[in-house]
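Take a look at the structure below.
The values are calculated or read from the model by the stated rules, or taken from the named source; none is laboratory data. Everything quoted here is computed from the prediction, not taken from an experiment. Backbone-built Cβ (ideal geometry, glycine too); neighbour counts: all protein chains shown. These accessible areas exclude ligands, DNA and RNA; they are computed on the full protein's heavy atoms, side chains included. Shrake-Rupley method; radii C 1.70, N 1.55, O 1.52, S 1.80 Å.
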Amino acid sequence: MSAPALHHSGRCDECGFDSNTMDNDALVDAIASFSVDADALSDARPSPEVWSPREYAWHMRDAIDWYAERIELVLTTERPQLEGRDFSVDPAPGRSPDVAPVVARLRALTPEQWQRVGIGSSDGGGRDVRNLASRLAHECVHHALDMEQSR
């Protein structure tokens with residue numbers, strides 16, 4: 001199972017998420033709207049190749065933490081190299097996802113901070129904070145739908 005990839009246009013055909021239609025506040029609102037208690041979700045996979053709702057929650061915990069770390073690195077380091085991560089592996093059991101810290105950090109940013117850039121590992125291209133927040137917002141929207149559909 002792999003994380004959904006945004007098309008270059010910023011629109012996901014699977015879930016309808018479109019970062020091109022969203023300002024920074026709307027991106028943060030999309031992240032803030034993601035709330036799930038992993039302990040209350042089912043462990044049952046709808047099919048062998050589809051994660052259970054609880055596994056999706058654990059995946060989201062990992063994705064939220066990873067994006068929060070990347071955002072913080074870009075905000076505190078000049079043009080850092082951003083390492084990739086393989087999210088296709090089954091997530092480890094553990095705590096529920098928590099978007100509150102990254103939401104608070106993003107809500108406090110100045111316009112200049114939204115434009116700070118890190119260097120992506122996959123293509124060497126720049127990833128500004130808005131791009132990272134957009135990718136996280138997409139993860140939140142997309143996987144909330146995945147969890148709903150796998151119940």
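Under unit Cβ charges (Lys, Arg +1; Asp, Glu -1), what dipole magnitude, rounded to 20 debye, does region 26-151 have relative to its Cα centre? Let's see the in-between values first.
Values: 14 positive and 21 negative charges, 68 e Å.
The dipole magnitude comes to about 320 debye.
With +1 on each Lys and Arg Cβ and -1 on each Asp and Glu Cβ, and nothing else charged, work out how big the dipole of region 67-129 is about its Cα centre, in Debye to the nearest 20.
On the way: 8 positive and 10 negative charges, 40 e Å.
Charge dipole of region 67-129: 200 debye, to the nearest 20.
Using modelled backbone amide H atoms (1.01 Å from N, in-plane), which distant-in-sequence or interchain residues come within less than 5 Å of Ser33's amide H?
none
Can you pull out the trypsin sites (Lys or Arg not before Pro) in region 1-104 whose DSSP state is coil and whose Cβ has at most 15 other Cβ atoms within 10 Å? Please report the intermediate quantities before stating the final value.
Values: sites: Arg11, Arg54, Arg61, Arg70, Arg85, Arg95; in loops: Arg85, Arg95.
Passing sites in region 1-104 are Arg85, Arg95.
With a 1.4 Å probe and all protein chains left in place, how much of the accessible area of the chain comes from carbon and sulfur atoms, in whole percent? If you can, show how the numbers build up before the last one.
On the way: 3710 of 7800 Å².
Roughly 48 percent of what the probe reaches on the chain is carbon or sulfur.
Amide H to amide H under 5 Å from Val50: which residues, 5+ apart in sequence or cross-chain, H placed 1.01 Å off N in plane?
Excluding prolines and chain starts, which carry no amide H, there are no hits.
Among Ser88, Leu41, Gly126, pick out the residue whose Cα is farthest towards the positive end of the charge dipole of the chain, where Lys and Arg carry +1 and Asp and Glu carry -1 on C-beta, about the Cα centre.
My answer, from the dipole projection, is Gly126.
On a full-extension model of 0.36 nm per residue, what is the gain between Arg45 and Asp98, subtracting their alpha-carbon distance, rounded to one decimal in nm?
Numbers: separation 53, 0.36 × 53 = 19.08 nm, distance 2.29 nm.
Computed gain between Arg45 and Asp98 is 16.8 nm.
Please list, in order along region 102-109, the HN-Hα scalar couplings obtained from phi with the Karplus expression 6.51 cos²θ - 1.76 cosθ + 1.60 (θ = phi - 60°), rounded to whole Hz, x for Gly and Pro.
6, 5, 4, 4, 5, 5, 8, 6
Starting at 0 and stepping by 10 Å, how many percent of the alpha carbon pairs of the chain end up in each bin?
11, 41, 36, 11, 1
Where does the chain land at 222 nm, in deg cm²/dmol rounded to the nearest 500, when only DSSP H runs of n ≥ 4 count, each adding -39500 (n - 2.57), divided by all residues?
Numbers: 5 runs with 66 residues, N = 151.
After summing the helix terms and dividing by residue count, I get -14000 deg cm²/dmol.
Calculate one ³J(HN,Hα) per residue across region 124-130 by plugging θ = phi - 60° into the Karplus curve 6.51 cos²θ - 1.76 cosθ + 1.60, and present them in order as whole Hz with x for glycine and proline.
Those phi angles translate into x, x, x, 10, 7, 4, 4 Hz.
Taking square-rooted eigenvalues a ≥ b ≥ c of the alpha carbon gyration tensor, is region 80-138 rounded, prolate or oblate, where a/c under 1.5 means rounded and, failing that, a/b exceeding b/c means prolate? Could the numbers behind the result be given before it?
Details: a/c = 2.77, a/b = 1.18, b/c = 2.35.
It comes out oblate by the Cα gyration axes.
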